[in-house]
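All of the numbers you see were taken from the coordinates with simple rules; none came from a lab. Model, not experiment: these values are computed from the prediction. Here the Cβ positions follow ideal geometry from the backbone for every residue, glycine too, while neighbour counts run over all protein chains shown.
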Amino acid sequence: MIDIRRLWTQVETIHHEFGPRPPRPQRRGAIAAVLTNPYAGRYEPNLLPFMEALNPLGVELARALLAALRAQPHEIEGYGKGAIVGSAGELEHGACWHVPGGYGMRQVLGNTKAIVPSAKKVGAPGAKLDVPITHVNASYVRSHFDAVEVYVPGHPHADEIVFVLAMTTGPRVHERVGGLRASEIKGEDGLR
């Protein structure tokens with residue numbers, strides 16, 4: 001059921017965005033797996049077997065992204081996930097990534113408390129997706145509200161799905177719009 005056609009990894013290091021240089025650069029990365037969509041071109045009432053089969057992929061991609069970022073789990077401060085479904089599929093096929101992608105990252109990173117934000121769409125080859133990012137332990141930490149733009153050149157074909165994980169090592173460079181600070185997280189509910 002899981003037929004991986006391509007893996008695509010992107011990592012960027014942000015050293016400067018106007019103003020003074022930050023004390024440490026922010027690293028942001030994403031990893032995408034292009035899979036054959038087993039339900040392309042037809043309606044399938046039960047998607048749970050596919051979602052279950054994706055669980056090991058979530059863990060595998062989270063480990064690979066952490067390695068690409070050259071980071072330890074405790075250095076990851078933001079995360080998100082997403083999916084781009086080819087035109088012969090439906091949006092709900094992308095929703096199959098919610099549990100495997102989210103829990104895969106949470107398992108690899110350990111003890112994170114915040115829900116992993118998500119975006120999904122049906123798109124043509126080369127479609128781009130802005131994957132939302134929030135703090136790994138408290139979704140209300142405004143300094144970590146971000147997005148990572150992801151696309152895999154030439155994919156998804158009509159019969160494919162692109163599943164994405166994204167991670168960051170810190171807040172936006174020069175964040176300064178107030179709100180809950182990372183240092184103020186209570187860690188009780190994944191929100192604050």
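See the values below:
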| read-out | value |
| --- | --- |
| Angle between the chain longest axis and helix 98-109 axis [Cα atoms, degrees, rounded to 10] | 40 degrees |
| Under-5 Å amide H pairs with A147, H placed in peptide plane, nonlocal only | I133 |
| Within the chain, helix-based [θ] at 222 nm, where runs of 4 or more DSSP H residues each add -39,500 (n - 2.57), nearest 500 | -5500 deg cm²/dmol |
| Ranked list, fewest to most other Cβ atoms within 10 Å of each Cβ, for E60, E175 | E60, E175 |
| Sequence of L7, L66 once ranked by neighbouring C-beta atoms within 10 Å, starting from the fewest | L7, L66 |
| Nearest-ten-degree value, helix 55-68 long axis tilted from longest Cα axis of the chain | 40 degrees |
| Table column - 3J(HN,Hα) (Hz), segment 161-171, Karplus curve with 6.51, -1.76, 1.60, x for Gly and Pro | 10, 9, 9, 10, 10, 9, 9, 9, 9, x, x |
| Karplus-derived HN-Hα couplings along segment 3-15 (A = 6.51, B = -1.76, C = 1.60, θ = phi - 60°), whole Hz, x at Gly and Pro | 10, 7, 9, 7, 10, 9, 10, 9, 9, 10, 10, 9, 8 |
| Restricting segment 4-74 to trypsin sites (Lys or Arg not before Pro) in coil, as DSSP defines it, with at most 16 other Cβ within 10 Å | R42, R70 |
| Order of L109, L129 - criterion: other Cβ atoms within 10 Å of each residue's Cβ, fewest first | L109, L129 |
| Inverse of mean 1/r across different Cα pairs in the chain, Kirkwood, Å | 16.8 Å |
| In sequence order, calculated HN-Hα J values of segment 116-121 (Karplus, 6.51, -1.76, 1.60; Hz; x Gly/Pro) | 8, x, 8, 9, 8, 7 |
| For the chain, built as a Gaussian network whose Cα springs stay under 10 Å, the top-fluctuating residue of V162, V59, V85 | V59 |
| Span from the segment 121-160 Cα centroid across to the segment 6-43 one, whole angstrom | 8 Å |
| Cα-based Rg of segment 1-66 normalised by 2.2 N^0.38 Å, two decimals | 1.64 |
| Among beta bridges that DSSP assigns inside the chain, antiparallel share in %, nearest 5 | 90 percent |
| Mean separation of Cα contacts under 8 Å (6+ apart) over length of segment 4-184, as relative contact order % | 30 percent |
